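Engineer: Got a structure for you, questions after.
The values are calculated or read from the model by the stated rules, or taken from the named source; none is laboratory data. If you're wondering where the values come from, they're calculated on a predicted model, not measured in any experiment. Positions of Cβ are generated from backbone atoms using ideal geometry, with glycine treated the same way; all protein chains shown enter the neighbour counts. We work out accessible area using only protein heavy atoms, side chains counted, and drop any ligands, DNA or RNA first. Shrake-Rupley method; radii C 1.70, N 1.55, O 1.52, S 1.80 Å.
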Amino acid sequence: MALSRLRQPLLSRGPSLLRVRLLSSSIPSTSVSRYDVHKVLSTDGSGSLLRCTSVSMVTGFFGDLSKIKFQFGVRYMSSADSPPHTVLEMPALSPTMNEGNIAKWLKKEGDKIAVGDVLCEIETDKATVELESQEEGYLAKILVSEGSKDIPVGQAIAVTVEELDDIPKVPAIGCGSEVKEAKSAPQDVSIHDKEMETGAVKIDTSELPPHAVLDMPALSPTMDQGNIAKWRKKEGDKIEVGDILCEIETDKATLEYESLEEGYLAVIVAPDGSKDIAVNQPIAVTVEALEDIEAVKASYNSKSVAKEEKSTTLPKKSELKEQRSNINRISPSAKLLISEFGLDSSLLNPSGPRGTLLKGDVLAAIKSGRGSSKTAAPKEQSPSPSIKLQSKPSSTPESVSYEDLSNSQIRKVIARRLLESKQSTPHLYLSTDVVLDPLLSFRKDLIEKHNVKVSVNDIVIKAVAVALRNVPDANGFWDAEKGKTIFNDSVDISIAVATEKGLMTPIIRNADQKTISAISAEVKELAEKARAGKLKPAEFQGGTFSISNLGMFPVDHFCAIINPPQAGILAVGRGNKVVEPVVGSNGTEEPAIVTKMNLTLSADHRVFDGKVGGDFLTAVRMNFSDMRRLLL
């Protein structure tokens, strides 16, 4: 099978565990317990931990938690080997924000920070906001570089210290940076629930033999989740170096997961057909010795059973009273959901800034079954406004038959990226008609005289590639970070190929330098791979310009959406016979039947202005009028 292979990342050695504790001036340090951040899951004979993972443990707090005051988006830390330091996290700057981008850092590592200084500019889903410092100190480390995209709320972005001399002593923020501090007793419960829901299984490494946890890898820049298409190995199978463990369906293609270590497949956490598995989510566990399988398997299975029982068991009324949380503000969308589903807002856990209950908090409670302490009888006696609207007579039948089809990873990414393209890229549309008769005559000669079978689309690719070479200003893209156009050295044409899973864009690299027959052979090979889901990342990532051809359908003309980060895409319609005046051999105009085809250019107006777009279409028209230009 020609699937692309993914090599499992090497597992590095690390310290046994990282200890951090909360620092607060309002309470003595002895009233707060330590966080034990387990960075590894296996031990050797001496008890040292070997394999790194992102599983974390929080041992809890001791004392009166109501006296502890937390600053939103900040974690105070220290250890025996490191000075007191503060970890700054990506804050939630709007009720709908769940991730943000670092637009620009206004402070550098080592800079002095005063109260009110602007540290960086954060781009949210609404606007660009400045993040101000609330304390004096020094910026020790920048964990997320300038221009980083889609950083989840709560992820560490920087570290500050009180003294300049403490900067070199600050420890590396790695696996342990994922530990979240509990803000109250009810939130301790919600954090534990979240760990169980995401499959973060807590394992006592001292009781288990050496083993490795395999996580869902990020196989493309846009991938945030994947599907397990098929497991090639079964639980208990021997694994050799180079063996294929499973096939992973990403947002681009289906890739093979290859093992780099010998051992045995002990536990399959995500079985065949598992959908939407988040990146870094555990999918399997391996061991080194055959006799270790049962111990590891029993431990993981028992944790899975505990997880299922916990998710299906609803809390008692006495427990609900203990879990009541302090909500200072409720967003409008959250209020609407609480009203429609009859939830008790005092049982919900707010995650927004300053105790704000967000829409996502209510949706999470509805999904898990929490917060529904109100009985259904009163709800039925006084129906909500939405139910009243639905009870009105309508012309549609009471029961509509339909089939709910789940989207593939590819279609989800296509939907997101096309929406981003239309919203963030200023589209410029230019259209022209070209006479197709010289091309059809040229293609006929190739078939009859030289026995070279090529399609109209193959010749279109060559004509567009030569035009891009002759008009280099059209072969570029917009660099948002630098705020300028970057011109490409090569002409790499992306062609749109429709597959069952969605639209793929394999690339003909250096198309201007290849013959039409070579382009034809490569197009057929790539299209076949795309439909089978066997494209390698290098075969669909990149490209400088795209072509979308619907000439095989009854489509005369259309406007395509730009495929970022490219700056242009050419929409090709079908050929139509039309009557128009043609200058004859005697120098007079006579009516004649010609075949014309519409070409519509969708261009990024930041790269293309009207002149560049006009020059490009002029070059394309000249290539269609004289096929000999394609041979130069």
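Engineer: Testing the spin-label approximation: label points 7 Å from Cα along Cα→Cβ at Thr432 and Glu420. State their distance in nm.
Structural biologist: 3.2 nm
Engineer: Rounded to the nearest 0.05, what FRET efficiency do Ile447 and Thr588 give with R0 = 30 Å and r taken as the Cβ-Cβ distance? Could you check? The partial results should precede the final answer.
Structural biologist: On the way: r = 34 Å, r/R0 = 1.14.
The calculated FRET efficiency here is 0.30.
Engineer: Ordering Phe616, Phe477 by how much accessible area each has at a 1.4 Å probe, largest first, what is the list? Could the numbers behind the result be given before it?
Structural biologist: Numbers: Phe616 0, Phe477 55 Å².
Correct descending sequence by accessible area is Phe477, Phe616.
Engineer: May I ask you to work out the translational diffusion coefficient for segment 552-632 at 4 °C, viscosity 1.567 mPa s, via Stokes-Einstein with Rh from the Kirkwood sum over Cα pairs, reported in whole µm²/s?
Structural biologist: On the way: Rh = 15.1 Å.
Result for D is 86 µm²/s.
Engineer: Grab the eigenvalues of the alpha-carbon gyration tensor for segment 85-163, scale each by 5, take roots, and send me the semi-axes largest first in whole angstrom.
Structural biologist: Numbers: eigenvalues 86, 28, 25 Å².
Taking √(5λ) for each Cα gyration eigenvalue gives 21, 12, 11 Å.
Engineer: Could you please state how large a percent of the accessible area of segment 536-630 is carbon and sulfur, counting protein chains only and using a 1.4 Å probe?
Structural biologist: Working: 2590 of 4570 Å².
Carbon and sulfur atoms account for 57 percent of the accessible area of segment 536-630.
Engineer: Provide His450, His85, His427 ordered by accessible surface of protein heavy atoms (probe 1.4 Å), highest first. Don't skip to the end; give the middle numbers.
Structural biologist: Working: His450 120, His85 10, His427 35 Å².
Order by accessible area, largest first: His450, His427, His85.
Engineer: Assuming 0.36 nm per residue, please report the length gained on full extension of the stretch Asp272 to Ile486 beyond their Cα-Cα distance. Walk me through the numbers before you get to the answer.
Structural biologist: Working: separation 214, 0.36 × 214 = 77.04 nm, distance 4.34 nm.
This chain segment gains 72.7 nm when fully extended.
Engineer: Computed on alpha carbon atoms, what radius of gyration and Dmax characterise segment 508-588, expressed in Å?
Structural biologist: Rg and Dmax of segment 508-588, Cα atoms, are 17.6, 57 Å.
Engineer: Report the full-extension gain for the segment Ala521 to Asp473: residue separation times 0.36 nm, less the Cα-Cα distance, to one decimal in nm.
Structural biologist: Details: separation 48, 0.36 × 48 = 17.28 nm, distance 2.89 nm.
Working it through step by step, the gained length comes to 14.4 nm.
Engineer: Another question, then. Rounded to the nearest whole Å², what accessible area per residue is found for segment 497-632 with the 1.4 Å probe? Before the final figure, lay out the partial values.
Structural biologist: Working: 6750 Å² over 136 residues.
For segment 497-632, the solvent-accessible area averages 50 Å² per residue.
Engineer: What FRET efficiency do you get for Glu162 and Val118 if R0 is 25 Å and r is their Cβ-Cβ distance, rounded to the nearest 0.05? Let's see the in-between values first.
Structural biologist: Working: r = 20 Å, r/R0 = 0.79.
Result of the calculation: an efficiency of 0.80.
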